[in-house]
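Asks: What follows is a single structure, and I will ask about it in a moment.
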Number of protein chains: 2
Amino acid sequence: MKIAYLGPRGTFTEMAAKILARDNDIVPYHSFYDALMAVEKGEVDEAVVPVENSIEGVVNGTADCLIFDVDLYIQELLILPIRQCLIAKEGTELREVTRIMSHPHAIPQCRDFIEKYMPNAEIVTESSTAEAIKKVSLSDEKVAGIGAECAADLYGLSVIKRNIQNTDNNFTQFVRVSKKKSIEYNKDKVTICFSTTDEPGALYKILDIFSIFDVNMSKIASRPMRNKPMEYVFLIDLDVNNNSKDIEDAIKLIERKSSFCKNLGCYAIRDNRLQK
Amino acid sequence: MKIAYLGPRGTFTEMAAKILARDNDIVPYHSFYDALMAVEKGEVDEAVVPVENSIEGVVNGTADCLIFDVDLYIQELLILPIRQCLIAKEGTELREVTRIMSHPHAIPQCRDFIEKYMPNAEIVTESSTAEAIKKVSLSDEKVAGIGAECAADLYGLSVIKRNIQNTDNNFTQFVRVSKKKSIEYNKDKVTICFSTTDEPGALYKILDIFSIFDVNMSKIASRPMRNKPMEYVFLIDLDVNNNSKDIEDAIKLIERKSSFCKNLGCYAIRDNRLQK
């Protein structure tokens with residue numbers, strides 16, 4: 001079995017793909033779209049892509065592709081803590097570092113550490129944490145990168161310091177998706193998306209259905225409807241809670257009362273936040 | 001009066017700032033955060049920033065800053081159509097162009113035009129459409145950039161072709177914000193944000209308030225609550241419709257029933273989509 005993931009190698013998404021791959025081969029792709037289309041076209045069996053980060057919010061590229069472009073189902077969700085590492089050539093001392101390279105999102109996440117230990121280092125941003133670590137491996141100067149531990153292994157570098165992020169509240173949710181129709185409501189969560197007619201109270205009427213069936217909605221996000229300005233698709237997570245008959249009936253009613261509805265699957269959650 | 005905007009010069013945001021500035025001076029800033037903080041600190045009187053694009057969705061940087069970092073109110077909203085132009089040195093012929101430069105979002109928006117007229121041109125992405133047009137002005141080769149018409153003027157280049165985007169459904173909403181408390185409900189729309197307690201049906205209960213007061217919600221988006229994983233802030237637009245007493249009472253009730261609530265102001269909408 002082959003599993004696509006959003007590359008490049010040496011990123012947190014690669015870490016997630018390894019955890020969710022159960023010893024199957026993982027294959028990097030250039031974009032969310034390419035990784036998900038590889039499953040849709042049958043080039044690979046599954047894909048692992050990020051869906052939400054606790055600081056940045058919903059990953060729009062993944063959400064739009066799952067809503068509009070492919071017919072895939074979520075099989076499993078992984079909550080992965082984002083533990084940033086300072087990575088450099090072996091023997092590099094913190095106080096020697098003249099330049100720090102990373103992704104633009106990773107730098108502010110580690111601002112406290114940088115200000116305390118390397119206040120004078122120059123900051124350079126790169127397209128991914130892995131790309132930054134690669135540049136560190138190619139440099140002859142005293143430079144360091146911020147990124148995932150697995151990037152240090154990939155490029156033969158050392159982790160100078162682990163867990164340099166300001167807060168431990170930073171984690172990313174990744175999903176494993178495939179063509180397998182996962183719509184039996186016997187796991188932890190269900191994700192559905194729907195759009196309403198453009199009438200006053202239309203969304204309220206749909207949420208009323210969850211209330212009637214005692215279904216708890218744990219998340220709601222909205223995305224613009226493609227090619228319909230000012231209309232939205234709502235992306236909703238529902239807690240299953242041994243409530244499968246209610247969930248089933250609520251979703252059936254939403255399918256009838258919405259102008260567009262798609263079930264993205266029922267899946268188990270693997271929460272790695274407490275693992276060291 | 002001075003008005004901050006998200007730079008660089010020569011972008012669609014600069015066009016929006018000029019339209020909303022009513023002949024006042026406009027000043028470019030490096031980020032949403034810097035532009036909004038300049039108002040908060042009193043360096044400038046107002047700021048113009050993008051809040052939503054019809055394809056990309058809510059602009060997270062602006063939303064989070066207005067929710068968490070500053071106490072500013074929306075005074076006016078502009079809906080600006082994004083009309084991409086092919087820009088090059090005067091006399092450049094379409095078929096001569098060997099390289100096209102633009103922002104990563106602008107390239108797919110113009111894919112049909114590129115495939116039809118310049119299928120063999122190399123594609124190079126830059127950090128903004130304005131940066132791409134600047135590089136065109138500095139190049140001695142047959143290159144072209146895709147961006148806002150105002151960038152052609154700025155860098156002394158010509159518009160080779162106007163309106164090269166695939167669809168006319170691409171527009172961006174910009175807001176003009178200041179410290180002036182705009183909470184009299186006598187304009188087109190109100191934006192509020194709130195978070196609910198983490199109980200089943202909590203969001204539904206809040207939306208019920210709009211239903212009771214016959215208030216139409218025209219948009220709902222969610223953002224992660226800062227430093228509270230798995231909790232969300234909802235950003236909601238309400239139509240005023242000469243309904244000011246109902247709006248006022250509904251918002252008062254939401255303030256009582258939510259764990260966090262902030263009124264971002266009542267404002268007029270200026271819709272430039274039909275202007276040529």
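Asks: Pick from B:26, B:247, B:212: which residue has the top mean-square fluctuation in a GNM of chain B where Cα pairs under 10 Å get a spring?
Replies: Of the options given, B:212 has the highest mean-square fluctuation.
Asks: OK, next. Kindly provide the GluC sites (Glu not before Pro) of segment B:136-215 that DSSP labels as loop, not H, G, I, E or B, and whose Cβ sees at most 11 other Cβ atoms within 10 Å. Can you show the working numbers first?
Replies: Values: sites: B:141, B:149, B:184; in loops: B:141, B:184.
Passing both the DSSP loop test and the Cβ count: B:141, B:184.
Asks: What nm value, rounded to one decimal, do you get for the distance between residue B:31 and residue A:257 when each label is placed 7 Å out toward the C-beta?
Replies: 4.3 nm
Asks: Shifting gears a bit: Can you give me the relative contact order of segment A:2-98 as a percent, contacts being Cα pairs under 8 Å and 6 or more apart? Display every interim value, and only then the final one.
Replies: Numbers: 111 pairs, mean separation 25.2, N = 97.
About 26 percent, as a whole number.
Asks: Using the Cα centre of the protein assembly as shown as the reference point, and only Cβ charges (+1 on K/R, -1 on D/E), how large is the resulting charge dipole? Debye, rounded to the nearest 20.
Replies: On the way: 70 positive and 82 negative charges, 18 e Å.
Result for the protein assembly as shown is approximately 80 debye, rounded to the nearest 20.
Asks: Report, in deg cm²/dmol and to the nearest 500, the calculated mean residue ellipticity at 222 nm for chain A, where each DSSP H run with n ≥ 4 adds -39500 (n - 2.57) and the sum is divided by the residue count.
Replies: Working: 9 runs with 75 residues, N = 276.
The per-residue figure over chain A is -7500 deg cm²/dmol.
Asks: State the extension gain, in nm to one decimal, for the chain segment bounded by residue B:269 and residue B:142, taking 0.36 nm per residue of separation less the distance between their alpha-carbons.
Replies: Numbers: separation 127, 0.36 × 127 = 45.72 nm, distance 4.14 nm.
My answer for the length gained is 41.6 nm.
Asks: Additional query: If you keep only loop residues by DSSP, which GluC sites (Glu not before Pro) in segment A:65-100 have at most 16 other Cβ atoms within 10 Å of their Cβ?
Replies: Values: sites: A:76, A:90, A:93, A:96; in loops: A:90, A:93.
Within segment A:65-100, the qualifying GluC sites (Glu not before Pro) (loop, at most 16 other Cβ atoms within 10 Å) are A:90, A:93.
Asks: Nearest 5 is fine: what % of DSSP beta bridges in segment A:1-95 come out antiparallel, could you say? All intermediate terms of the calculation are to be shown ahead of the outcome.
Replies: Values: 2 of 10 bridges.
Approximately 20 percent, going by the DSSP bridge assignments.
Asks: Oh, and also: Name the residue from A:104, A:274, A:68 whose Cα lies farthest towards the positive end of the charge dipole of chain A, charges +1 on Cβ of Lys and Arg and -1 on Cβ of Asp and Glu.
Replies: Most positive-ward Cα: A:274.
Asks: For a quick check of your reading of the filter: which trypsin sites (Lys or Arg not before Pro) in segment B:1-78 sit in a DSSP loop and have no more than 11 other Cβ atoms within 10 Å?
Replies: Working: sites: B:2, B:9, B:18, B:22, B:41; in loops: B:9, B:22, B:41.
Passing both the DSSP loop test and the Cβ count: B:22, B:41.
Asks: Taking the label point 7 Å from Cα in the Cβ direction, how far apart in nm is residue A:249 from each other copy of itself, listed shortest first?
Replies: Taking the point 7 Å beyond Cα along Cα→Cβ, the inter-copy spacings are 3.4 nm.
Asks: Right, next: Just to confirm the numbers: residue B:91, label point 7 angstrom along the Cα-Cβ line, distances to the other copies in nm, shortest first?
Replies: 5.9
Asks: Ok, one more. Averaging sequence separations of C-alpha pairs under 8 Å and six or more residues apart, then dividing by the length of segment A:187-265, give the relative contact order as a whole percent.
Replies: On the way: 125 pairs, mean separation 38.0, N = 79.
Relative contact order, segment A:187-265: 48 percent.
Asks: Which value, in debye to the nearest 20, gives the size of the charge dipole of chain B about its Cα centre, when Lys and Arg are +1 and Asp and Glu are -1 at the Cβ? Spell out each step's value before the answer.
Replies: Values: 35 positive and 41 negative charges, 42 e Å.
The dipole of chain B has a size of about 200 debye.
Asks: May I pose another question? Residue A:135 versus residue A:117, label points 7 Å from Cα toward the beta carbon: distance in nm?
Replies: 2.1 nm
Asks: Hey, another quick one. Could you check which residue among A:218, A:158, A:128 shows the biggest mean-square fluctuation in a GNM of chain A with a 10 Å Cα cutoff?
Replies: A:218
Asks: Another question, then. When B:103, A:105, A:30 are ordered from fewest to most other Cβ atoms inside 10 Å of their Cβ, what list results?
Replies: Details: B:103 20, A:105 15, A:30 10.
Listing B:103, A:105, A:30 from fewest to most nearby Cβ atoms yields A:30, A:105, B:103.
Asks: For label points placed 7 Å from Cα toward Cβ, what is the shortest-first list of nm distances from residue B:163 to its copies?
Replies: From this label point to the equivalent ones elsewhere in the assembly: 5.9 nm.
Asks: How would the protein assembly as shown be classified by its alpha-carbon gyration tensor: rounded, prolate or oblate, with rounded meaning a/c under 1.5 and the a/b versus b/c comparison settling the rest? Mind showing how you got there, number by number?
Replies: Details: a/c = 1.38, a/b = 1.05, b/c = 1.32.
It comes out rounded by the Cα gyration axes.
Asks: If you don't mind, there's one more thing I want to ask. In nm, what is the difference between 0.36 nm times the number of residues separating residue B:153 and residue B:124 and their Cα-Cα distance? Don't skip to the answer; put the middle values down first.
Replies: Details: separation 29, 0.36 × 29 = 10.44 nm, distance 2.17 nm.
Gain in length upon complete extension: 8.3 nm.
Asks: With respect to the axis carrying B onto A, what is the closest chain B residue by Cβ position, and how many angstrom separate it from the axis?
Replies: Checking which Cβ lies nearest the axis yields B:207, 3.
Asks: Same structure again: Would you work out the relative contact order for chain A, in percent, from Cα pairs under 8 angstrom that are 6 or more residues apart? Walk me through the numbers on the way to the answer.
Replies: Values: 613 pairs, mean separation 64.2, N = 276.
Answer for chain A is 23 percent.
Asks: Taking the DSSP beta bridges in the protein assembly as shown as the whole, what percent of them are antiparallel, to the nearest 5?
Replies: Numbers: 83 of 121 bridges.
DSSP beta bridges in the protein assembly as shown are roughly 70 percent antiparallel.
Asks: Now, a different point. Work out from phi, with θ = phi - 60° and the Karplus expression 6.51 cos²θ - 1.76 cosθ + 1.60, the ³J(HN,Hα) of each residue of segment B:65-70, listed in order in whole Hz, and give x for Gly and Pro.
Replies: 5, 5, 6, 9, 9, 10
Asks: Report the FRET efficiency, 1/(1 + (r/R0)^6), for residue A:71 and residue A:231, where r is their Cβ-Cβ distance and R0 is 30 Å, rounded to 0.05. Don't jump to the answer; show the numbers that get you there.
Replies: Numbers: r = 21 Å, r/R0 = 0.71.
Using R0 = 30 Å, I get an efficiency of 0.90.
Bear in mind that the values in this text are calculations on the coordinates, not laboratory data. As the structure is a computational prediction, the values presented were derived from the model and not from experiment. With ideal geometry, Cβ positions are generated from the backbone for all residues, glycine too; neighbour counts draw on all protein chains shown.
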